[in-house]
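The values are calculated or read from the model by the stated rules, or taken from the named source; none is laboratory data. Given the structure is predicted, the values throughout are model-derived calculations rather than measurements. Methodologically, a virtual Cβ is constructed for each residue, glycine included, from the backbone with ideal geometry; neighbour enumeration extends over all protein chains shown.
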Amino acid sequence: MTRIALVTGGTRGIGAAISIALKNAGYSVAASYAGNVEAAEKFTAKTGIPAYKWSVADYDACAAGIAQVESDLGPIEVLVNNAGITRDGMFHKMTREAWNEVIDTNLNGVFNMTHPIWPGMRARKFGRVINISSINGQKGQMGQTNYSASKAGDLGLTKALAQEGAFVGITVNAVCPGYIGTEMVRAIPEKVLNERIIPQIPVGRLGEPEEIARCVVFLASDDAGFITGSTISANGGQFFV
């Protein structure tokens, strides 16, 4: 029986790579997105993966979107909480709005998505929840107190929820990407990439979205059934835990 997977922020960047990799691994995949309709339509046309529009920061929208996906495809057995935003700025200049927007999407969004799906996973005694955190949630990053706090919170949620899911067949794990060659990262000036970012990465290059996707496919698989509450640090050796 084909398992159903839902990837938030799943039509662009790392999320798109995850959606495609799960589909190639045999899952029936749905991707959610928040704003870029044109990109989502192109993604669906190219991949055949249906895209659904809602904000993970809105609990009611998440519940409604999840219900629609399950009506269309079936019960969600794999949830990848990938959606995230940045509102960077030094702390002394950071606005409450910039703080709240990032926390609402990156941390509250994981609750908003997981909470409506969790009872079904418990009832079926199977589930995979995979949270995409960040190297900056592990080590912190100047100018990203909001982002780092949200991504560190995702790791705490992962470890606590894993303990609740373990005895009912649900695993909860996290992946912490380092600097990945997404459209956003590659838009950084070449001089900054080559002189300030890549020299910090021992393997000497940016990661690729597909490398993060392969981590997710493994954690979603039956082969990873004994792994829960864990974090895969996919950062080219930039930071060790």
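Against the definition (assigned to a helix (DSSP H, G or I) and touching a residue at least 60 places away in the same chain (Cβ under 8 Å)), how does L6 come out, yes or no?
Values: assigned to a helix (DSSP H, G or I): no; touching a residue at least 60 places away in the same chain (Cβ under 8 Å): yes.
In short, no.
Here V29 meets each of (1) over 28 Å from G120 (Cα atoms); (2) surrounded by 14 or more Cβ atoms within 10 Å (Cβ to Cβ) with one exception, condition (1).
Would you call D88 touching a residue at least 24 places away in the same chain (Cβ under 8 Å), under 26 Å from E210 (Cα atoms) and among the acidic types (D, E)? Don't jump to the end; show me each part of the working.
Working: touching a residue at least 24 places away in the same chain (Cβ under 8 Å): yes; under 26 Å from E210 (Cα atoms): yes; among the acidic types (D, E): yes.
For D88, the condition - touching a residue at least 24 places away in the same chain (Cβ under 8 Å), under 26 Å from E210 (Cα atoms) and among the acidic types (D, E) - is met.
With E190, E208, E195, E183 as the choices, which residue is out of contact with any Lys or Arg (no Cβ under 7 Å at 6 or more places or on another chain) and within 22 Å of Y27 (Cβ to Cβ)? Of the residues listed, the single one that is out of contact with any Lys or Arg (no Cβ under 7 Å at 6 or more places or on another chain) and within 22 Å of Y27 (Cβ to Cβ) is E208. Of the listed requirements (1) in contact (Cβ under 8 Å) with a residue 12 or more places away in the chain; (2) part of a helix (DSSP H, G or I); (3) out of contact with any Lys or Arg (no Cβ under 6 Å at 6 or more places or on another chain); (4) not hydroxyl-bearing (S, T, Y), E38 misses just one: (1). If the condition is being in a loop (DSSP other than H, G, I, E, B), among the hydrophobic types (A, V, I, L, M, F, W, C) and buried (at least 22 other Cβ atoms within 10 Å of the Cβ), then region 72-99 contributes only A83.
Being closer than 25 Å to F111 by Cβ, part of a helix (DSSP H, G or I), touching a residue at least 40 places away in the same chain (Cβ under 8 Å) and out of contact with any Asp or Glu (no Cβ under 6 Å at 6 or more places or on another chain): is that true of L22 here? I'd like the intermediate steps shown before the answer.
On the way: closer than 25 Å to F111 by Cβ: yes; part of a helix (DSSP H, G or I): yes; touching a residue at least 40 places away in the same chain (Cβ under 8 Å): yes; out of contact with any Asp or Glu (no Cβ under 6 Å at 6 or more places or on another chain): yes.
It is true that L22 is closer than 25 Å to F111 by Cβ, part of a helix (DSSP H, G or I), touching a residue at least 40 places away in the same chain (Cβ under 8 Å) and out of contact with any Asp or Glu (no Cβ under 6 Å at 6 or more places or on another chain).
Across region 44-71, the number of residues qualifying as assigned to a helix (DSSP H, G or I), in contact with a strand residue (DSSP E or B) (Cβ under 6 Å, 6 or more places away or on another chain) and aromatic (F, W, Y) comes to 0. Residues in region 75-128 that are more than 23 Å from Y27 (Cα to Cα) and hydrophobic (A, V, I, L, M, F, W, C): I85, M90, F91, M94, A98, W99, V102, I103, L107, F111.
Could you please let me know if I227 is closer than 14 Å to V129 by Cα, among the aliphatic types (A, V, I, L, M) and in a loop (DSSP other than H, G, I, E, B)? Even if it seems obvious, please write down each step before you answer.
Numbers: closer than 14 Å to V129 by Cα: yes; among the aliphatic types (A, V, I, L, M): yes; in a loop (DSSP other than H, G, I, E, B): yes.
Answer is yes for this residue.
Pairing residues of region 164-188 that are on the phi < 0 side of the Ramachandran plot with residues that are modelled with pLDDT under 90 and exposed (fewer than 14 other Cβ atoms within 10 Å of the Cβ), at Cβ distances under 7 Å and at least 6 apart in sequence or on separate chains, gives no pairs at all.
For every residue, the table says whether it meets (1) more than 28 Å from G120 (Cβ to Cβ); (2) in a helix (DSSP H, G or I).
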| site | (1), (2) |
| --- | --- |
| G137 | no, yes |
| M142 | yes, no |
| A149 | yes, yes |
| D154 | no, yes |
| T158 | no, yes |
| L161 | no, yes |
| E164 | no, yes |
| A174 | no, no |
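Kindly provide the set of residues from region 199-210 that are in a helix (DSSP H, G or I), touching a residue at least 12 places away in the same chain (Cβ under 8 Å) and out of contact with any strand residue (DSSP E or B) (no Cβ under 7 Å at 6 or more places or on another chain), ordered by number. Across region 199-210, the qualifying residues are Q200, E210.
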